[in-house]
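Colleague: This is the structure, below, for whatever I ask next.
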Amino acid sequence: GKNSISNNEYSRGAHHAGSWYSNRGKDLSTTLEEYLSQAELPPETVQALTTSTTTTTTTTDDQQPQSSHRSLTLRGIVCPHAGYSYSGPTAACSYQALRHELQHTADVASSSAPSSQSSSSRIQTIVVLHPSHHVYLPGCAVSGAHQLETPVGNLRVDSDLRDEILQLGQGPRFSIMKQDEDEHEHSGEMQYPYLAHVLKHLNLLQHVKVLPIMCGALTVDQEVQYGRALCPMLHRPHVVTVVSSDFCHWGSRFQYNPMPSASLNNNSIGIGIGMPIHEYIAQLDRRGMDLIAAQRPGAFADYLKETHNTICGRHAIAVWLRAMESGSSASPASSSASSDTEESSLQIQFVKYAQSSAVTSRRDSSVSYAAALATQRQAAI
């Protein structure tokens, strides 16, 4: 079809290597591993994501351990995309959780498990939803690359999933990024070395593919439509989603510097005039994060309209929330009993929040970073 790209695929160069992060593979791997080793996740989340054979509290069932059953699977993460010296530690919290999830894929890939079991517990594709900082894009665009280069190893692009998206008969159209637009966009690229590093350590660089999707300047209605279009793909058990976004960009250089005042309390948060600006920014961000965690994309859109908070990946976040929402409401008939056991609802929790610096005066500026995990309860076997 007109959207076929088979002849125009390119290898996406690591355009920001050497400036936003080291272009030396060994140094970069060392840095990323350091961030990952220092990442702190809620212990109960880690335990639920990692393999547990029966519950350790019961002694009676010791004889029959459940085969590597775990109570949570990771379905998506939200990550920042600034230079690693700024947001690398925050992103590491999300990637540490993804590493736990991918460990199961690595275990299955290296075992001689029957293929039916292996396909159900194996991550095959990581979709990266990211914003557009440099080109005006009135819709969504898939990367036209066949591989994504990084100093720690190259990622293979999932061209089958891309073709499927480009050939969707109904709904909004997806365009294809041009190589220079793809390479100049840092919000996707800042995820690729982390992905390559984690996959390489688990010997999965050849097994797991990636598909970047740029989410442009969308209306709320378009966010709903693109979310619906991507819903079937993002709900597949072998697909996990990375959503790339920073949070508040505060300061005159971002043309956004609201100050603490009584006007923004919105009943849920009393924002006092004597509050330090960085605390005010944190409360502003937390309101948005709470709506994301509550999976309320409509309320999130209202919040953005009210506050104009400069969350650069807001459209990518909204498309993702709409996709996840569409999936859960697909079968209203089974809303009570069976949906609890069959496919339990998605839980989103923010596990880290940081600011590039603590703003105390109008002359300062800062960017906020947040890491979130989207997990789903495993149906009991």
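Colleague: Round to the nearest 10 and report in Å² the accessible area of Thr125, as given by a 1.4 Å probe over the protein chains' heavy atoms.
Modeller: For Thr125, the solvent-accessible surface is approximately 10 Å².
Colleague: Going from most exposed to least, what order do Arg363, Arg173, Arg253 have by accessible area with a 1.4 Å probe?
Modeller: Heavy-atom accessible area, descending, gives Arg363, Arg253, Arg173.
Colleague: How much length would be gained if the chain were fully extended between Ser361 and His308, taking 0.36 nm per residue of separation minus their Cα-Cα distance, in nm to one decimal?
Modeller: Net length gain for the segment: 17.1 nm.
Colleague: So, taking all protein chains as they sit and a 1.4 Å probe, how much accessible area belongs to Met259, in Å² rounded to tens?
Modeller: 60 Å²
Colleague: If you don't mind, another one. What order do Thr360, Thr307 take when sorted by accessible area (1.4 Å probe), most exposed first?
Modeller: The ranking, largest first, comes out as Thr360, Thr307.
Colleague: Follow-up. Given 0.36 nm per residue, what is the gain on full extension from Arg236 to Lys26 after removing their alpha carbon distance, in nm?
Modeller: 72.2 nm
Colleague: Mind checking which aspartates and glutamates have their C-alpha under 18 Å from Lys305, skipping anything on the same chain fewer than 8 residues away?
Modeller: Partners within reach: Asp221, Glu223, Asp246, Asp285, Asp290.
Colleague: Take peptides 10-17, 207-214 and line them up by average Cβ neighbours within 10 Å, highest first, as a rough protection proxy.
Modeller: Ranking the peptides 10-17, 207-214 by packing returns 207-214, 10-17.
Colleague: How do 236-249, 311-324 rank on mean C-beta neighbours within 10 Å, highest first?
Modeller: Ranking the peptides 236-249, 311-324 by packing returns 311-324, 236-249.
Colleague: May I pose another question? Which of the aspartates and glutamates could be linked to Lys178 by a straight reach, that is with a Cα gap under 13 Å, when you skip same-chain ones fewer than 8 residues away?
Modeller: Glu9
Colleague: Using 1/(1 + (r/R0)^6) with R0 = 25 angstrom and r between the beta carbons of Glu44 and Arg296, what's the FRET efficiency to the nearest 0.05?
Modeller: It comes out at approximately 0.55.
Colleague: Taking amide hydrogens as modeled 1.01 Å from N in the peptide plane, which residues meet the under 5 Å criterion relative to His15, leaving out close sequence neighbours?
Modeller: Amide H neighbours of His15: none.
The values are calculated or read from the model by the stated rules, or taken from the named source; none is laboratory data. These figures come from a predicted structure and were not determined experimentally. Here the Cβ is made from the backbone with ideal geometry for all residues, glycine too, and neighbour counts use every protein chain on show. Side chains are part of the model used for accessible areas, which takes the heavy atoms of the whole protein and leaves out ligands, DNA and RNA. Shrake-Rupley method; radii C 1.70, N 1.55, O 1.52, S 1.80 Å.
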